[in-house]
Structure formats: structure tokens, C-alpha cells
Amino acid sequence: QLSPNFYATTCPNLPTLVQNAMRQAVTREARMGASILRLFFHDCFVNGCDASILLDDTATFTGEKNAGPNLNSARGFEVIDTIKTRVEASCNATVSCADILALAAREGVVLLGGPSWIVPLGRRDARTASQSAANSNLPSPSSDLATLISMFSAKGLNAREMTALSGGHTIGQARCSLFRTRIYNETNIDSSFATTRKANCPASGGDNNLAPLDSLTSTRFDNNYYKDLVARRGLLHSDQQLFNSGSQDAVVRTYSINNAAFASDFAAAMVKMSNLSPLTGTNGEIRKNCRVVN
Ligand code: HEM
Ligand SMILES: [Ca+2]
Ligand SMILES: [Ca+2]
């Protein structure tokens with residue numbers, strides 16, 4: 001139902017506008033490519049790719065930004081605002097925030113050296129958001145493999161697609177509070193890796209100290225994340241679950257030695273995720289400002 005050509009006549013320079021703004025943002029801070037990718041994931045898993053995550057809370061509206069997985073964690077909203085402002089200047093009241101986020105996520109990945117894919121377009125923006133769905137539909141870093149598989153399966157994504165999408169952790173950072181238990185209490189971890197991470201993540205305090213999700217190339221979209229998993233250097237409990245004598249070990253091994261296989265599976269799974277229950281036709285709206293309903 002979505003189509004890559006949706007704005008071909010109504011906003012032909014849309015891809016260029018998004019690309020240029022993302023290039024500026026990622027040049028300023030490489031991590032922004034990661035942050036925008038994560039925003040898109042957190043949008044799509046909560047009532048579909050409808051830009052629900054972009055809505056600000058107000059006195060009378062509870063959105064998703066303060067849900068557990070997003071609070072003090074989701075970032076990059078200003079970049080989406082900048083893109084939206086430029087797109088409105090060029091194609092007034094035409095392009096949804098949901099489509100801008102989908103395009104920006106791809107650009108971030110491409111700018112950091114990852115695969116490209118064709119983004120289906122024509123999503124419209126939600127007039128609602130759900131903090132409770134954000135709390136219940138997004139996986140936690142303490143999730144076990146069975147939970148990860150079932151949460152992705154609930155979104156129509158199989159275990160292999162879950163493992164490929166988790167490769168999003170080849171870029172970006174995580175806070176100490178979310179990996180402390182892993183580095184202090186778990187045994188399926190490389191001991192020198194644990195020691196290194198403990199230096200910037202004390203047993204108590206330093207909750208917001210950051211560490212790279214990929215130990216070597218956190219600003220490069222490559223397959224090193226899977227090499228880390230094979231070496232038991234997964235940062236999050238949920239990461240190492242993908243390589244812990246379970247059903248995904250073989251897939252992780254394949255991706256760890258075959259970047260092309262990872263890149264192509266990741267791209268295909270991103271397209272699938274980007275099709276999660278979009279609002280189309282006359283449903284939803286084209287928001288003027290991504291932070292508020294019209
Ligand atoms: C499989 C289940 C997943 C879990 C449990 C999970 C969990 C997390 C956690 C806990 C963080 C760090 C947040 C913080 O420190 O505040 C994080 C960061 C990140 N996640 Fe995931 N994630 C999952 C899947 C994904 C997927 C499917 C993608 C994208 C395709 C993704 C992309 C990212 C990125 C890029 C970052 C870094 C963001 C930044 O540096 O701003 N994650 N994730
Ligand atoms: Ca959503
Ligand atoms: Ca990497």
C-alpha cells in the first residue's frame with residue numbers, strides 16, 4: 001500500500017532534503033545516525049510507524065517520550081524538527097513526520113557505511129500516542145532470547161529478522177545502568193572486556209556514563225557487533241542472548257564472518273519493519289509540527 005514514489009510529484013526533492021540534513025547532523029555527531037535509527041525502531045514497534053514517538057507530552061496529553069525505554073534515552077528529535085522545517089518550506093503540508101523519520105533512519109545508516117534500501121512512503125501521522133504500549137511493546141536490555149523472539153514475532157518479524165535488526169547495535173551507545181548487571185554479575189562474558197567496561201561503569205554511581213554497543217566500531221555500520229557477540233563481548237544482556245548456545249548462534253556466526261549477508265538481511269528486515277501498520281489514505285494526518293497534533 002505504501003509506495004517509494006509517493007511524493008515523486010508532490011515533493012520531488014524530499015530525499016535530497018533529508019539526505020543533506022542528515023549529512024550535516026552525522027558530520028556534527030556520528031552518534032546521531034544511531035539515535036535516529038533507534039527512534040524509528042521505537043516508533044514502528046509502538047502502534048506502527050506513525051511518528052507517535054515524536055509527540056511531546058503536555059498538561060493534557062501523555063505521549064511516549066516518558067515511557068521507560070525512551071525516557072532520558074531517545075534522542076535526535078531536534079534533527080527531525082530541522083528536517084521537517086526544511087521540508088515544509090519546500091513542500092508545505094505534504095510529507096508526514098513518519099515518512100521523514102523512515103527516510104532519516106536509512107540515511108543515518110548509509111552515512112555510517114551501512115546498506116541502503118528503498119523506503120516505502122505514504123505513511124500518515126498519528127493523532128495519538130501510547131505510553132503504555134511503548135512500555136509493553138519495546139524489548140528490555142534484560143530480556144532473554146525467548147522474550148526477544150516473541151516480542152519481534154508479535155510484530156511479524158521472525159527470529160532471524162530479530163537477530164539481523166539487533167545489528168543496529170553496531171552503532172551507538174548505551175548507559176551504564178543498563179549494562180551494569182551484565183558486566184558485574186554475568187559469567188558468559190569476556191573477562192578483559194568486563195574489566196574495561198567497569199572502568200567507566202562503577203558498581204554504584206555513574207549510571208549515565210556511556211559505552212559503545214559495538215566495542216570497536218560504534219560509528220561504523222559493519223558486522224563487528226556480531227564478532228563481539230562471538231567473543232562474548234556483547235554489552236547488553238539482550239545482545240549476548242543472541243549468542244549463548246541458543247537458536248541464533250548459527251545466524252550470529254554467519255553475520256560475524258559475512259558482512260554482505262548481514263547488510264542484505266538488515267536492509268530487508270528494515271523494509272519489513274517500516275511497513276508496520278502505517279496510517280494511510282484519510283487516516284491520521286500530515287502534522288505541521290512533528291511534536292504536536294494539528
Ligand atoms: C532486540 C531488542 C533490543 C533491545 C533490548 C534494545 C535495547 C537497547 C538499549 C537498552 C539501548 C541503550 C539505551 C540507553 O542507554 O539509553 C539501545 C540503544 C540502541 N538501539 Fe537498541 N535494542 C534492541 C533492538 C534494536 C533495534 C531493532 C534497533 C534498530 C534497528 C536498535 C537500535 C539501537 C541503536 C542505534 C542504539 C544506540 C542509540 C544511541 O546511541 O543514541 N536496537 N538499545
Ligand atoms: Ca508508533
Ligand atoms: Ca560497528
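The values are calculated or read from the model by the stated rules, or taken from the named source; none is laboratory data. Predicted model, so just to flag it, every value in this text is computed and none were measured. No Cβ is skipped: glycine too gets one built from the backbone with ideal geometry, and neighbour counts run over all protein chains shown. The protein model used for the area step is the full one, side chains on, heavy atoms only, and it has no ligands, DNA or RNA in it. Shrake-Rupley method; radii C 1.70, N 1.55, O 1.52, S 1.80 Å.
Give the Cα extents of the stretch 110-229 along the principal axes, in whole Å, largest first.
The Cα atoms of the stretch 110-229 stretch 47, 34, 26 Å along the principal axes, largest first.
Mean Kyte-Doolittle of at least 1.0 plus a Cα span of 18 Å or more along the axis: flag which DSSP H helices in the chain meet both, please. Could the numbers behind the result be given before it?
Numbers: long enough: 14-28 (21 Å, -0.07); 31-44 (20 Å, 0.50); 77-90 (20 Å, 0.06); 97-111 (20 Å, 1.47); 259-274 (22 Å, 0.74).
Long hydrophobic helices here: 97-111.
Using just the Cα positions, wrap the chain in a convex hull and report its mean projected area in square nanometres, one decimal place.
Working: hull surface 58.4 nm².
Averaging across all directions leaves 14.6 nm² for the Cα convex hull.
Compute, for the stretch 24-178, the length of the dipole vector about the Cα centre, with Cβ point charges of +1 (Lys, Arg) and -1 (Asp, Glu) only. Units Debye, rounded to 20.
Values: 14 positive and 14 negative charges, 45 e Å.
Rounded to the nearest 20 debye, it is 220 debye.
Could you give the spread of the C-alpha atoms of the stretch 221-268 along their three principal axes, from largest to smallest, in whole angstroms?
Principal extents (Cα only, largest first): 25, 21, 17 Å.
Please report, as a whole percent, how much of the solvent-accessible surface of the stretch 14-138 comes from carbon and sulfur atoms (probe radius 1.4 Å).
Details: 2160 of 4410 Å².
It is 49 percent, rounded to a whole number.
Could you give P(r) for the stretch 1-105, binned at 5 Å from zero, as whole percent values over all Cα-Cα pairs?
2, 12, 23, 24, 20, 13, 6, 1, 0
Can you give the convex hull volume of the alpha carbon atoms of the stretch 140-184 per residue, in Å³? Numbers along the way, then the final one.
Details: hull volume 3.7 nm³, N = 45.
For the stretch 140-184, the hull spanned by Cα atoms encloses 82 Å³ per residue.
Compare the Cα positions of 145, 201, 51 along the charge dipole of the chain (+1 at Cβ of Lys, Arg; -1 at Cβ of Asp, Glu; about the Cα centre) and return the one farthest towards the positive end.
Of 145, 201, 51, it is 201.
Give me the 1.4 Å probe accessible area per residue for the chain, excluding ligands and nucleic acids, in Å².
The answer is 41 Å² per residue.
Can you run the Rg to Rh ratio on the stretch 254-294? Use alpha carbon positions and the Kirkwood inverse-distance Rh.
Details: Rg = 16.8 Å, Rh = 13.1 Å.
In the stretch 254-294, Rg relative to Rh is 1.28.
In straight Cα distance, which lysines are under 29 Å from residue 272, not counting same-chain residues fewer than 8 positions off?
Correct list for residue 272: 65, 84, 155, 227, 288.
Once you charge only the Cβ atoms, +1 for Lys and Arg and -1 for Asp and Glu, what is the size of the charge dipole of the stretch 145-269 about its Cα centre, to the nearest 20 debye? Working shown, then result.
Working: 12 positive and 10 negative charges, 38 e Å.
Computed charge dipole of the stretch 145-269: roughly 180 debye.
Based on DSSP H runs of at least 4 residues, each adding -39500 (n - 2.57), what is the mean residue ellipticity at 222 nm of the chain after dividing by all its residues, to the nearest 500 deg cm²/dmol?
Numbers: 13 runs with 135 residues, N = 294.
Taken over the chain, the calculation gives -13500 deg cm²/dmol.
Straight-line reach only, C-alpha to C-alpha below 14 angstrom: list the aspartates and glutamates that residue 198 could link to, leaving out same-chain residues fewer than 8 apart.
186, 190, 207
What do you get for Rg/Rh of the stretch 58-113 when both radii come from the Cα atoms and Rh is the Kirkwood radius? Could you put the intermediate results ahead of the total?
Numbers: Rg = 13.6 Å, Rh = 13.1 Å.
Here Rg/Rh amounts to 1.04.
Please report, to two decimal places, log10 I(q)/I(0) for the stretch 162-268 at q = 0.11, 0.24 Å⁻¹ as given by the Debye formula with identical point scatterers on the Cα atoms and no solvent.
So the normalised log intensities work out to -0.31, -1.30.
Test of understanding: given the chain, find the longest segment containing no GluC sites (Glu not before Pro) that are in a DSSP loop and have at most 16 other Cβ atoms within 10 Å.
Working: sites that count: 29, 186.
Formally, the longest exposed-site-free interval is 30-185.
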